[in-house]
Amino acid sequence: MRALAVVSVLLGVNYVVWRWLASVNWEAWWIAVPLVVAETYSLVDTFLFAVTMWRARDRPAPRSAPEGTVDVLITTYNEPVEMVTATARAAARISYPHRTWVLDD
């Protein structure tokens, strides 16, 4: 990965130097200069990405979260009984350990 980063930055510097020194069409500068500036920005972005990835490491997976308690609260206010029943059944099918509460406002 580091070799690819070094090659990308070196080739990018070579290209941007060539663009600025040899290939900019100064007769149409209003088109050429913004394009070369964008290409230069792209090189800076590539360099910053390479610096970021330079010390990338494979890290072990994080430990699983400790089990806690979960309460599912189903609030109702003049809802049809069928809708509340369907919601309560869906909450009961949650695979994570929990308690389901149906609250009537």
>> If I ask for residues that are basic (Lys, Arg) and more than 30 Å from Arg99 (Cβ to Cβ), which ones from the stretch 14-71 would you list?
In response: Arg19, Arg55, Arg57, Arg59
>> List pairs: first residue in the stretch 5-28 and in contact (Cβ under 8 Å) with a residue 40 or more places away in the chain, second residue surrounded by 10 or more Cβ atoms within 10 Å (Cβ to Cβ) and part of a helix (DSSP H, G or I) anywhere in the structure, Cβ distance under 7 angstrom, at least six positions apart or on different chains.
In response: Ala5/Ala50; Ala5/Met53; Ala5/Trp54; Ser8/Thr46; Ser8/Ala50; Val9/Thr46; Val9/Phe47; Val9/Ala50
> Quick one: is Val17 surrounded by 10 or more Cβ atoms within 10 Å (Cβ to Cβ) and closer than 26 Å to Arg2 by Cα?
Replying inline: yes
>> Of all residues being aliphatic (A, V, I, L, M) and under 12 Å from Asp104 (Cα atoms) in the stretch 77-87, which is surrounded by the fewest Cβ atoms within 10 Å (Cβ to Cβ)? Just the residue, please.
In response: Val81
>> Which numbered condition in (1) farther than 30 Å from Tyr15 by Cα; (2) modelled with pLDDT of 85 or more is the only one that Thr46 fails?
In response: (1)
>> Residue pairs, Cβ under 9 Å, 6 or more apart or interchain, first in the stretch 72-86 and over 13 Å from Thr100 (Cα atoms) and touching a residue at least 24 places away in the same chain (Cβ under 8 Å), second of a type outside the set (D, E, K, R) and assigned to a helix (DSSP H, G or I). List them.
In response: Thr76/Met83; Thr76/Val84; Thr76/Thr87
>> For the stretch 53-76, check the following and say yes or no: at least one residue is surrounded by 10 or more Cβ atoms within 10 Å (Cβ to Cβ) and closer than 27 Å to Met1 by Cα.
In response: yes
> Just wondering, is there one or more residues in the stretch 5-17 that are hydrophobic (A, V, I, L, M, F, W, C) and at pLDDT below 90?
Replying inline: no
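The values are calculated or read from the model by the stated rules, or taken from the named source; none is laboratory data. Every value quoted in this text rests on a predicted model; they were computed, and no experiment measured them. When we count neighbours, we look across all protein chains shown, and the Cβ atoms used for this are built from the backbone with ideal geometry, even at glycine.
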